[in-house]
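*Asks:* One structure is given below, represented as C-alpha cells, and several questions about it will come after.
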Amino acid sequence: MGGSSGRAGLFHRQVAAVSCAAGLLRSAGALAAEPVPPVASDGYCQGIISLSLAVMLLLLFCLLLLQDRSRRRLAERALHDSEERYRLLVENSLVPCYLIDQQGVVRYANRSMCSLFGYQQDDVVGHMNFRDFVDPEHLTRVEEHFRARLEGREAPARYEADGRHRNGDTIHLEVLATGGLCGGVRVAVGSVLDISLRKRFERLMLEEQKQREEMNRTLEERICEEVERSREKDRLMLQQARFAAMGEMIGNIAHQWRQPLNKLGLALQRMQMEQEKGILTDQLMEERVANGMDQLLGLSRTIDDFRNFFRPDSDPAPFSLAGAVQKTVGFFEASCNEHNIKIAIEGNSSLVCNGHVTEFRQALLNILNNARDALLDNRIAEPAITIILRDEERRSVLTVRDNAGGIKPEIIDKIFDPYFTTKGKGTRTGIGLYMAKTIIDQQMQGRIYASNAAEGAEFRIVL
Amino acid sequence: MRCLIVEDEDLAREGLIYFLTDYAEIETAVNGLEALEMYRQALEKGKPFDLVLLDIIMPEMDGQEALKLIRQMEQQQGAKKTVIIMTTALNSPENMEEALWEGDCTDYLVKPLVRADLLAMLRRYQLI
C-alpha cells in the first residue's frame, strides 16, 4: 500500500509539472506570437525569463521521466526474480501439483505429478485430461469435486481417490484441491499425495483387527473345545491306564489262583486214586471235600476282592490309608513272591484320608508296579520295596522306597510325563506314573514327588 | 527210582507224593536250600536221585536258584545229570525260557498238575 501511494504521488507530481510546463510554454508562445512593442525593454526581459523557465521545466520533466524509467526496471527485475522463485519452488517440489482448466485439460503439472503417474511433463501438459489419471470407479466423485472447485462452491477440499498409473496399476491418492483465477478464468489447482503404502498398512491393520475380533469372538468357544478335548484325552488315558492295571491284576489273580487250583486238582485226583484203591473212606471223603471247598472259597474271595478293587467310588469319602495300602499290597504281592521281592509296610496305621479310595489304590498300584519293574530290570540280588506311612504336620505322607538303584538324573523330571517309559514301545504303556500323579494331584488334592534315596528311588505322596 | 519232591505247600506236596508213591522211593524238601543239601548228601552216599520235581516259587531259596546250584554240583562231582522237572505256576514265556535254558532243567509242568501228564513225562524219560 505504501509503495502504491508513493507511485500515485509521483504520477500526480509528474502530471502537475507537465501541466505547469505546458502552461508556461503556451504563455511563452502567446507572448511570442504577440507583436513585440518597438521600444519596450521590460517586455523583452520578460520574454527571456519566460523562456528560461520553460527550459528549466523541460529539464525537470526529463529528469523525472528518467527516474521513473529506472524504477520500473527495478520493479520488473523484482517481478522476474519472484516468478523464478515460485517456478523453482513448484517445479522442483516433491509434492505433485497440478492446474486444470475448465475443460479438464491439464494446463500445468510439475515433474513429481507426472512421475507419479509414469509420464513426462511434455506428454501431460496441454495434452491430457485429468480424467485420464483417475480410476474409472472413482471418476464420478472426482468430477464432482472438480466442478465444485471451478464453481467456487466449496472451500478447499481434502479427499481420497484412486488414480491409475500409466501401466494400469492403482495408486491410492489423497487430493488437496482448491480453485482460483488464472488470466481471469477460473481453474482447479491442487496437489496429491501417494498414500498407497498407508492404505496397505491400514488394510493390514484392519485385517489384523478383524482377525483379532474373530479370535476374541471364538476364543471362549475354542477354550471350551480344548478343555473338553483335554478331558476326553484324560478320560482315555485313565481308561488305558485302568486296562493296563487290570491286565497286571489279572496276571496277579492268575498267580493267586494257580496254587489253590493245583491243590484242588491234586485233591480230586487223589480221591480218584483212593477210590480206585478202595481206600476212600467216608472220613477221607469228608476231609478231601472240606479241603477242596476251602480252596474254592479262597478262589471266590479273590474274585470278589478283584472286582471291588476296581469298583469306582461314587463320591469321595474318608478311608484308612493303611487299609488301602494293605489291600493294594495284597493284590501286588503275588507277583512280588514270584520274583522274591520282599515288600514291607511300616509306620502309622491309623491315618485317615479323604477321596476316592479306588483311584488311590490304582495310583499306589502303578507306583508299586514301577518299583517292581525297576527291580527286575536291574536284576537286584535282594529286591525289596518298603512302604512307610507317616503323619507330618497334620498331613498323611506315604513313601514307597525300593532298592533298584534309583532314577537316572537326566530322566527324573520326565518320569511323570505321559507315555514316558525307559522301555521300548509295546513293553509298557508309559502312563502308569502319569496317571498316579494325575490321581494324586487332581483327585486327591495331594502332591507326589520322586527322588533318589540311598539304594533306590523314593516316591513320596503327601495327602 | 529215587525221587526228590521240592514243594513248600503241604497239600501240593502230599498230592505229588500220592501220585508217585507206587513208582518211586520219595523224599521231600520244603525249599531250595533244603533240597540242595539233600541232593548233596545223596550224592555223597552214592545214592543220587533219579528225578527231582522242583517247585519254583519257594521261601529261602527258589527253584531256579536251586536248579543252578544242583547242576553246578553235578558238574563239579562229575555226576550224571539228573532229570529235573520244574513244577510251576508261572507260565509266561520269559519264565519258561529262564527255567529251561538259563537253569538247564530237563522239563517243566505247569500247575495245576495232572497225574496223567506227570506219568507220561516220566515214561518219556524212561523213569517208570
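Derivation of every value follows stated rules applied to the coordinates shown; laboratory data play no part. Computed from a predicted structure; not experimentally measured. Glycine gets a Cβ as well: all are built from the backbone with ideal geometry, and neighbour counts include every protein chain shown.
*Asks:* For chain A, what is the largest minus smallest coordinate of the Cα atoms on each principal axis, given in angstrom and ordered from greatest to least?
*Replies:* 212, 50, 39
*Asks:* Also, I was wondering about something else. From the C-alpha coordinates alone, can you work out the Kirkwood hydrodynamic radius of region A:216-305, in Å? If you can, show how the numbers build up before the last one.
*Replies:* On the way: mean 1/r = 0.0575 Å⁻¹.
After inverting the pairwise mean of 1/r, the radius is 17.4 Å.
*Asks:* Search the structure for amide H atoms under 5 Å from the amide H of B:ARG2, placed 1.01 Å from N in the peptide plane, and list their residues when 5 or more places away or on another chain.
*Replies:* Distant-sequence amide H within range of B:ARG2: B:GLU25, B:ASP50, B:LEU51.
*Asks:* I've got another one for you. Assuming a viscosity of 0.692 mPa s and a temperature of 37 °C, what translational diffusion coefficient in µm² per second does Stokes-Einstein assign to region A:312-462, Rh being the Kirkwood radius over Cα pairs?
*Replies:* For these conditions, the coefficient is 210 µm²/s.
*Asks:* For chain A, what is the calculated [θ] at 222 nm in deg cm²/dmol (nearest 500), taking -39500 (n - 2.57) for each run of four or more DSSP H residues and dividing by its residue count?
*Replies:* Values: 10 runs with 263 residues, N = 463.
Mean residue ellipticity, 222 nm, calculated: -20000 deg cm²/dmol.
*Asks:* Using unit Cβ charges (K, R positive; D, E negative) and no other charged atoms, how large, in debye to the nearest 20, is the dipole of the protein assembly as shown about its Cα centre? Don't jump to the answer; show the numbers that get you there.
*Replies:* Details: 72 positive and 87 negative charges, 753 e Å.
That gives a dipole near 3620 debye.
*Asks:* For chain B, what is one quarter of the convex hull surface built on the Cα atoms, given in nm²?
*Replies:* 7.0
*Asks:* Let me ask something else. Can you tell me the Rg and the Dmax, both Å, for the Cα atoms in region A:246-402?
*Replies:* 20.0, 70
*Asks:* Report ³J(HN,Hα) in whole Hz for each residue of region A:49-65, in order, from the Karplus equation J = 6.51 cos²θ - 1.76 cosθ + 1.60 where θ = phi - 60°; Gly and Pro get x.
*Replies:* Values per residue, Gly and Pro as x: 4, 4, 4, 4, 4, 4, 5, 5, 5, 4, 5, 4, 4, 5, 5, 5, 4 Hz.
*Asks:* Quick one: of B:LYS47/B:LYS81; B:LYS47/B:LYS80; A:LYS327/A:LYS408; A:LYS233/A:LYS437; A:LYS342/B:LYS68; B:LYS80/B:LYS111, which pairs are farther than 19 Å apart, Cα to Cα?
*Replies:* The pairs that break the limit, which is 19 Å between Cα atoms, are A:LYS327/A:LYS408; A:LYS342/B:LYS68; B:LYS80/B:LYS111.
*Asks:* Please report, to two decimal places, log10 I(q)/I(0) for region A:57-143 at q = 0.18 Å⁻¹ as given by the Debye formula with identical point scatterers on the Cα atoms and no solvent.
*Replies:* -0.83
*Asks:* If you line up the Cα atoms of region A:47-90 on their principal axes, what length do they span on each, largest first, in Å?
*Replies:* So the extents along the principal axes, rounded to whole Å, are 64, 7, 5.
*Asks:* Show me A:78-91, B:52-65 ranked by packing, highest mean number of other Cβ atoms within 10 Å first.
*Replies:* Packing order, densest peptide first, comes out as B:52-65, A:78-91.
*Asks:* Sticking with this structure for a sec: Amide H to amide H under 5 Å from B:MET61: which residues, 5+ apart in sequence or cross-chain, H placed 1.01 Å off N in plane?
*Replies:* Hits under the 5 Å cutoff: B:GLY32, B:LEU33.
*Asks:* Can you tell me the order of A:63-70, A:319-326, A:258-265 when each peptide is scored by its average per-residue count of other Cβ atoms within 10 angstrom, highest first?
*Replies:* Highest to lowest by the protection proxy: A:258-265, A:319-326, A:63-70.
*Asks:* Can you give the Rg and Dmax of region A:97-194 based on its C-alpha atoms, in angstrom?
*Replies:* When restricted to Cα atoms, region A:97-194 yields Rg and Dmax of 12.3, 37 Å.
*Asks:* If you restrict to DSSP beta bridges whose two residues both lie in the protein assembly as shown, what percentage is antiparallel, to the nearest 5?
*Replies:* 70
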